[in-house]
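A.B. asks: Below is a structure I'd like to ask you about.
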Amino acid sequence: METDKDHTNIMLEYDATERICDIISILKQQTTYSLWKQFPEFLLRQ
């Protein structure tokens, strides 16, 4: 994984039968959940 100030690159290994849009959706859901858990006060101010 590589990170910069405004983006992140992730290399994934996945089953070829999975749709990319489904994988991205799951990643976004898990990331959002994790961020809300860690920084609720900050995110509520935005």
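A.B. asks: Based on what the data block shows, is residue 41 exposed (fewer than 10 other Cβ atoms within 10 Å of the Cβ) and part of a helix (DSSP H, G or I)?
C.D. replies: Values: exposed (fewer than 10 other Cβ atoms within 10 Å of the Cβ): yes; part of a helix (DSSP H, G or I): yes.
So residue 41 passes the test.
A.B. asks: Shifting gears a bit: Determine, yes or no, whether residue 15 is part of a loop (DSSP other than H, G, I, E, B) and at pLDDT 90 or above. Working first, answer last.
C.D. replies: Details: part of a loop (DSSP other than H, G, I, E, B): yes; at pLDDT 90 or above: yes.
So residue 15 fits the description; yes.
A.B. asks: What pairs come up if the first residue lies in segment 22-40 and is closer than 16 Å to residue 8 by Cα, the second is surrounded by 10 or more Cβ atoms within 10 Å (Cβ to Cβ) and modelled with pLDDT of 95 or more, and their beta carbons are under 6 Å apart, counting only those six or more places apart or on different chains?
C.D. replies: Taking only residues 6 or more apart or on different chains, not a single pair turns up.
A.B. asks: Run residue 15 past the list (1) within 12 Å of the chain's Cα centre (by Cα); (2) without any contact (Cβ under 8 Å) to a residue 12 or more places away in the chain and report the number of the one that doesn't hold.
C.D. replies: The number of the failed condition is (1).
The values are calculated or read from the model by the stated rules, or taken from the named source; none is laboratory data. These numbers come from a predicted model, not from an experiment. So basically every Cβ, Gly included, is an ideal-geometry build from the backbone, and we count neighbours across all protein chains shown.
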